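Below you'll find the structure, written out as structure tokens, and then a few comments.
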Amino acid sequence: MNMKGFFEIAEEQGIEKGLKQGRTEGRAEGIERGADMVSELNTILAKEGNLETIIKANTDKVYRHELLKKYRLLR
């Protein structure tokens, strides 16, 4: 193996490692943001006194998504 081949392999491995780390960090950030949005939605619905809506939003993904858009919580 020549030096050029070594550096190309090292670069590929570095890129792969960076992409993996970025995906891991992005996933964790996405989970946190999603949890924050649902928590904020539940707070709004609770203040409105609408327990049935909270329950439906927690069990129906499509409905929850509609409510997140309605209350402008999707960023």
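Rule-based calculations on the coordinates, nothing more; no lab input. Keep in mind that this is a model prediction, so the values were computed, not measured. A quick note on method: Cβ atoms are made from the backbone with ideal geometry, for glycine too, and the neighbour counts reach across all protein chains shown.
Would you work out the charge dipole size for segment 1-46 about its Cα centre, treating the Cβ of every Lys and Arg as +1 and the Cβ of every Asp and Glu as -1, and quote it to the nearest 20 debye?
The dipole magnitude comes to about 120 debye.
For the chain, taking Cα atoms only, what is the radius of gyration to one decimal and the Dmax to the nearest whole Å?
21.4, 71
Whole-Hz ³J(HN,Hα) for each residue in segment 7-20, computed from phi via Karplus 6.51 cos²θ - 1.76 cosθ + 1.60 with θ = phi - 60°, x for glycine and proline: what do you get?
The phi angles translate into 5, 5, 5, 4, 5, 4, 5, x, 5, 4, 5, x, 5, 4 Hz.
For the chain, how many pairs of lysine residues have a Cα-Cα distance under 28 Å, where the two are 8 or more positions apart or belong to different chains?
10
Would you please name the GluC sites (Glu not before Pro) within the chain that are DSSP coil residues with at most 11 other C-beta atoms within 10 Å of their C-beta?
Loop-located and lightly packed - 48.
What does the charge count near residue 21 come to, summing +1 for each Lys or Arg and -1 for each Asp or Glu among other residues with Cβ under 13 Å from its Cβ?
Value of the local net charge: +1.
Once the piece of chain linking residue 19 and residue 50 is laid out straight, how much longer is it, given 0.36 nm per residue of separation minus the C-alpha distance between them?
6.9 nm
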